Amino acid sequence: MIERSLRLERRVLVVEDEPMVAEVVERYLRREGYDVRVSHDGDSAVRGYLEFAPDLVILDIMLPGIDGFEVCRRIRAYGETPVIMLTARSEEVDTLVGLGLGADDYIRKPFSPREVVARVAAVLKRAQPRIAGDGETLRYGDLRINPVTRSVENGQRALAVTAREFDLLFHLARHPGQVFTRNQLMSALWDHAYEGESDTITVHMRRLRAKIEVEPSKPRHLRTVWGVGYKFEP
């Protein structure tokens, strides 16, 4: 686990091989008061992570040297630092899911620098330790969702879920049977709702189903309401 001293400035590591893109993102983040370091390739990104101890990493997938997939894997080996992935194609998001790499958010290129800043603020806010709801454990069959410890159990098995996955599952489970659109979930959970960014919810839902459902292709709890969104069935 990377040690982090108490400090006012939040540290962001930006990993992007296009100098102009990296410079713009860095400038916008510094304008909002973040302490920023930039890496332009995968090897220096891993070194930068260990030296800089960032609070959040913005990570492009296509990098010289080791790619973003491997960088994310190595970061995850050290701890749960939030990671926002920059993706150019939906296939890259599918690869992330297939590899089991738990990124906290995904931003598709081309993007607005203001959108990146908003996403950074939202992810850092969600990553802060907190007690959700009234502290009462939700129980649905063998499924247990504890908002105090932010843990999920299925029978006697503890499930490894990311902060974002927990927030999504808990929000849906607190409102059993209620249908939420993707934009409603984005807005309620992550303080933003950008048109065309519903892939973020889709990816997290797919990962959650793989973890909690006996048959992810035929989910019992996490149901799709076609043409609308998602709901939780007890």
Original post:
How do Asp199, Asp104 stack up against each other in accessible area, from largest to smallest, with a 1.4 angstrom probe?
Top reply: Asp199, Asp104
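For Arg223 and Asp142, FRET efficiency with R0 = 25 Å and r from the beta-carbon atoms, rounded to 0.05? Numbers along the way, then the final one.
Numbers: r = 18 Å, r/R0 = 0.70.
After rounding, the FRET efficiency stands at 0.90.
Would you mind putting 214-222, 202-210, 173-181 in packing order, based on average other-beta-carbon counts within 10 Å, highest first?
Numbers: 214-222: 13.3, 202-210: 19.7, 173-181: 15.2.
In decreasing order of mean packing, 214-222, 202-210, 173-181 become 202-210, 173-181, 214-222.
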**OP:** Please give the solvent-accessible surface of Val15 in Å², to the nearest 10, using a probe radius of 1.4 Å with every protein chain present.
**Re:** 0 Å²
Subject >> Under 23 Å from the Cα of Lys211 - lysines, other chains or at least 8 residues apart >> reply: Lys231
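Could you rank Glu165, Glu115, Glu51 by how accessible they are, 1.4 Å probe, largest area first? If you can, show how the numbers build up before the last one.
Details: Glu165 0, Glu115 25, Glu51 130 Å².
Final ranking, largest accessible area leading: Glu51, Glu115, Glu165.
The values are calculated or read from the model by the stated rules, or taken from the named source; none is laboratory data. These numbers were taken from a predicted model, which means no experiment stands behind them. Note: ideal-geometry Cβ built from the backbone for every residue, glycine included; neighbour counts use all protein chains shown. These area figures cover heavy atoms from the full protein model, side chains too; ligands, DNA and RNA do not enter into them. Shrake-Rupley method; radii C 1.70, N 1.55, O 1.52, S 1.80 Å.
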